[in-house]
Amino acid sequence: MLRYIIVLFLAGYSCCAFAARISGVVRDEKGNVLPYSSLLVKGTTRGVTANSEGKYVLDLVPGSYTIVCQYVGYGRQEKKVTLTAEGLVLDFVLSPQQLSMAEVVVRPGGEDPAYEIIRQAIKKRKDYEEPLDSFTCEAYIKTLMKTRKLPKRILGQKIEDKDKKEMGVDSVGKGIIYLSENLTKVAFKRPGKVKLEVLSGRESGSNGYGFSLPTFINFYQNNVNVLSDRLNPRGFVSPIADAALNYYKYKYLGSFFEDGKEVNKIQVIPRRKYEPLFSGTIDIVDGEWRIHGLDLLLLKESQLQLMDTMEIRQIHAPVEGKIWQVKDQVVYFTMNLLGIDMVGNFVNVYNSYDIHPNWKKKYFNNVLVRYDTAVNKKTKAYWDSIRPLPLEPDEKENYIIRDSIYEVNRDSAGSKSRRDSLLKRQGHIKAGQVLLFGVQRSNYKMPRPLQYSFEPLLRGVEYNTVEGINVSLSGTVGRALADGKSYWRFSPHVRYGFHNTLLNIWGETEVVRRISKRTDDGINSSTQTWSLAGGKRVSQFNGSGPIGEDINSIYTLLWGRNYMKIYENYFAQAGSTTRFDNGLRLNVRAWYEDRIPVGNTTDYTWAKTSNTKFTPNYPVEQLPVQFPRHQAVVSSVSVEYQPGQKFMELPRRKVSLGSKYPTFTLMYQKGWSGVLGSDVNFDKWRFLVSDDMNLKLRGELKYRLSVGGFLNTRSVFIQDYQHFNGNQVFLASEFLNSFQLAPYYANSTTASFYATGHLEHHFNGFLTNKIPPFRQLNWFLVGGANAFYVNSDNNYFEVFAGMENIFKVIRVDWVTSWLNGRYSQMGVRVGFGGLIGGGMGRRR
């Protein structure tokens, strides 16, 4: 043991003894610092990047080197140095590039020479898109986000001084709110195989892994993805895309020479506003027609979403022979959202390129991103040794303050004083929370605190013709289990109708268990959810709940239309859902219901029309009279699978990153006759295919197709029919799973076969960017169709066109429908849709 300690000590000593440091500052001729300048050891792939103050450090063994300093728009400078153990200070003063245009003659009316240079670059684009069969490199990523100002309230919630202190900002809301560093090994192999191994990660004020994915922005691709599809699902057109000449104008600014090669500087100018286009400059090496560097900008008028501006700077450098790759990349951004004024940057430095890597068998598998088991356990000394650019003073201060706060909170997590502090901060329950916002609380008893919450009271106040005014109370209580891998929760529900004086009480309990096993090939994991529920409740005849109770209340009171049809039932239900890490999901469920018919007990409405008459509380299109009380025992099994899924492997679990293939679902349901007095006897099935397809510049196509039917209909009650989710109210029901103008129950069926289809295309700015009012408002066109078919006497078809991304949230559709082969009606539907609204879940 002593031998190994001595060896490790000597190894550590030798590293310290023979390492020396070059440090300095990069400025221009006027003394202004040049932030994030690139410094490279000539003849190697070793390099660093200066910080925002122009300061850099470079650790090397003593010897003779040539240090190359670059900054976009400035002439490159080389300095030969001899490094000793004492280290040295090496400052650089860069001059603006002196562009030569002596041999260029542009005649009036003639073509700017930039166009021929761009044509040559376009011809070579494909060769440089993936210039290597395979390679590995290390990517250092630093992410910084700063607020310049915070509003007094966000979404109605006041920002207290203690919240600002916890965020790390001053009294006006200015300061660093997020800071992280990562070191990631990047592996690539043709065609298009990529794997990222996150070796280390650090996040200020937490034990998180940080923003760990390198932001590779490849301008050799026709369609450039910048950071995330959320910034523009259509992507952005590269200045050297195959069709770039249709989108951009170019201006030759001149040329300069580096290493005996002429580099042409081209100004990139969008031909039209409100297209996903860059502006700025791009440098092209003459004769080789590769990118040397670029400085490109995106604005709101470039269809940039969420952010206000984004600037991308890249410097490319040779890694071996004529093979060039990105040396470093800096992305600056500004944004102002909900009154939060923010700036930030993503710094990526690429080092240690290996273009002849050796990988073990099956290295490239379905794990796209893998985190080292010790990813967030590195010391401060480790980060100081691998960081390719020095921290800035405010970054150092942020790490010191926020990390110390985190460590104090972590170490005192189980103490009485810490618990008392958290309970005091949690405060007393207030009337506004009970009525409007809901209550969320914890007892803070570590290590497994009990957490509980209640829904706001006013949200549970509804009105219908069966119960009159009814009030629902619901909440959730839960805690982690002793094994550390499972979580338990219980949700009680109480509902009382003031007009029919009926009380319904039911509850549901769940245990969620995450199972993971580490092998030599990584982690195999699955998630199991076991549920048990029972009591007495109110249910809609269509179990999908096609109309929300709040919307039904409004229509009943204002227009005298009681669309929602309900029944009471005593029930017991058990189920299990298992998600496997291969993309398979298995759901098994069984339930018992004692179904009780209930009728209207009130005809109160604010509608003043003389012909207002409520319909009975059952689907009159299907039943001549109310259904009889009966019992039902039903079981169901469904299998869902999406092939080709990619995963992110964290130290203890896997997370799905999605797939380019559709999702397939097969469902089977059985009604059991005679079991526990059950009166039902049926068998039905359904097969479903769905997918979201990003067509980049042409938008996004979504579809959901299904077929199904009954195999046995010996005894089927209305609750077990195949219902098609209709919608007879102004607010849109769930897109891609409903029919916006169809009646709720008129087409319900027990047929042996039916088919449904939902298709919608989100143009995401395509076409509307050519219409001045819409492009300035950033509203997007959406269109599509919904249909179902049972037989020639039972079918439905509707087409729709509309606008979405209205205030980033709203979608408005104009819909025309045909029922049973005949024109039916036209109508308008308003729902959620767009950049933010599109992710707001079910719409009703």
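The values are calculated or read from the model by the stated rules, or taken from the named source; none is laboratory data. Fair warning: this is a prediction, and the values are worked out from it, not measured in the lab. Cβ: placed from backbone, ideal geometry, glycine included. Neighbour counts: every protein chain shown. Calculation scope for accessible area: heavy atoms of the full protein, side chains included, ligands and nucleic acids excluded. Shrake-Rupley method; radii C 1.70, N 1.55, O 1.52, S 1.80 Å.
Backbone amide hydrogens, once placed in the peptide plane, bring G658 within less than 5 Å of K646, excluding anything fewer than 5 places away on its chain. Each Lys or Arg adds one and each Asp or Glu takes one away; over the other residues whose Cβ falls under 15 Å from the Cβ of N562, this sums to -3. Cross-link check: pairs K149/K380; K189/K696; K360/K654; K360/K646; K149/K327; K654/K702 evaluated at a Cα-Cα cut-off of 28 Å; pairs beyond the cut-off: K149/K380; K149/K327. Calculated mean residue ellipticity, 222 nm, the chain: -3500 deg cm²/dmol, from DSSP H runs (n ≥ 4) at -39500 (n - 2.57) each, averaged per residue and rounded to 500. What the Cα atoms of the stretch 273-325 give is an Rg and a Dmax of 14.1, 41 Å. Entry comment: accessible area of the stretch 123-165 is 60 Å² per residue, from protein heavy atoms only and a probe of 1.4 Å. Computed about the Cα centre, the dipole magnitude for the stretch 516-568 is approximately 180 debye when only Lys and Arg (+1) and Asp and Glu (-1) carry charge, each at its Cβ. The convex hull around the C-alpha trace of the stretch 473-561, projected and averaged over every direction, spans 9.1 square nanometres. Farthest towards the positive end of the charge dipole of the chain, among the residues M803, V471, I340, is the Cα of V471, using unit charges on the Cβ of Lys, Arg, Asp and Glu.
Near A482, once Lys and Arg are set to +1 and Asp and Glu to -1 for all other residues with Cβ below 13 Å from its Cβ, the sum equals +3. For the stretch 501-517, 3J(HN,Hα) computed residue by residue from phi via the Karplus equation (6.51, -1.76, 1.60; θ = phi - 60°) reads 6, 9, 10, 10, 10, 8, x, 9, 10, 9, 10, 10, 10, 9, 10, 9, 9 Hz, glycine and proline entered as x. Relative to the globular-protein estimate of 2.2 N^0.38 Å, the Cα radius of gyration of the chain stands at 1.13.
Residues in the stretch 413-429 carry Karplus couplings, in order, of 4, x, 7, 5, 5, 5, 5, 4, 5, 5, 5, 5, 5, 4, x, 7, 6 Hz; the curve used is 6.51 cos²θ - 1.76 cosθ + 1.60 with θ = phi - 60°, and Gly or Pro positions show x. Sorted largest first, the principal axis extents computed over the alpha-carbon atoms of the stretch 298-376 equal 51, 36, 24 Å.
Solvent-accessible area of the chain (1.4 angstrom probe, protein heavy atoms only): carbon and sulfur portion equals 57 percent.
The protection proxy used here, the mean number of other Cβ atoms lying within 10 Å of each residue, ranks peptides 402-408, 272-278 as follows, highest first: 272-278, 402-408.
The phi torsions of the stretch 464-470, fed into the Karplus equation with coefficients 6.51, -1.76 and 1.60 and a -60° offset, translate into couplings of 8, 6, 8, 9, x, 5, 10 Hz, rounded to whole numbers, with Gly and Pro shown as x.
Send over the per residue convex hull volume for the stretch 729-844, Cα only, as a whole number of Å³.
Residue-normalised Cα hull volume stands at 103 Å³.
Computed on the Cα atoms alone, the convex hull of the stretch 242-387 gives a volume of 222 cubic angstrom per residue.
Per residue, the stretch 663-710 exposes an accessible area of 48 Å² to a 1.4 Å probe, with every protein chain left in place. The calculated FRET efficiency for the pair F216 and W672, based on their C-beta separation and a Förster distance of 41 Å, comes to about 0.15.
Of the three principal axes defined by the Cα atoms of the stretch 232-318, the extents in descending order read 43, 23, 20 Å. Please sort by residue number the GluC sites (Glu not before Pro) in the stretch 149-226 whose DSSP state is loop and whose Cβ has at most 12 other Cβ atoms within 10 Å. Taking the stretch 149-226 and a limit of 12 other Cβ atoms within 10 Å, the loop GluC sites (Glu not before Pro) found are E160. Summing charges over all other residues whose Cβ lies under 12 Å from the Cβ of R595, with Lys and Arg as +1 and Asp and Glu as -1, gives -2.
Give a quick list of trypsin sites (Lys or Arg not before Pro) in the stretch 327-401 that DSSP marks as loop, anything other than H, G, I, E or B, with at most 15 other Cβ atoms within 10 Å. Answer by residue number: K360, K361, K362, K377. Output the direction-averaged projected area (hull surface divided by four) of the convex hull of the alpha-carbon atoms of the stretch 166-240, in nm². That works out to 7.5 nm², a quarter of the Cα hull's surface. Rounded to the nearest 20 debye, the dipole size of the stretch 287-425 about its Cα centre is 960 debye, using +1 on the Cβ of Lys and Arg and -1 on the Cβ of Asp and Glu. log10 I(q)/I(0), Debye, Cα-only the stretch 778-844, no solvent, q = 0.13, 0.27 Å⁻¹? Debye output, listed in q order: -0.42, -1.06. Placing +1 on the Cβ of every Lys and Arg and -1 on the Cβ of every Asp and Glu, with nothing else charged, gives the stretch 396-439 a dipole about its Cα centre of roughly 180 debye. The stretch 372-424 and the stretch 246-262 have their alpha-carbon centroids 47 Å apart.
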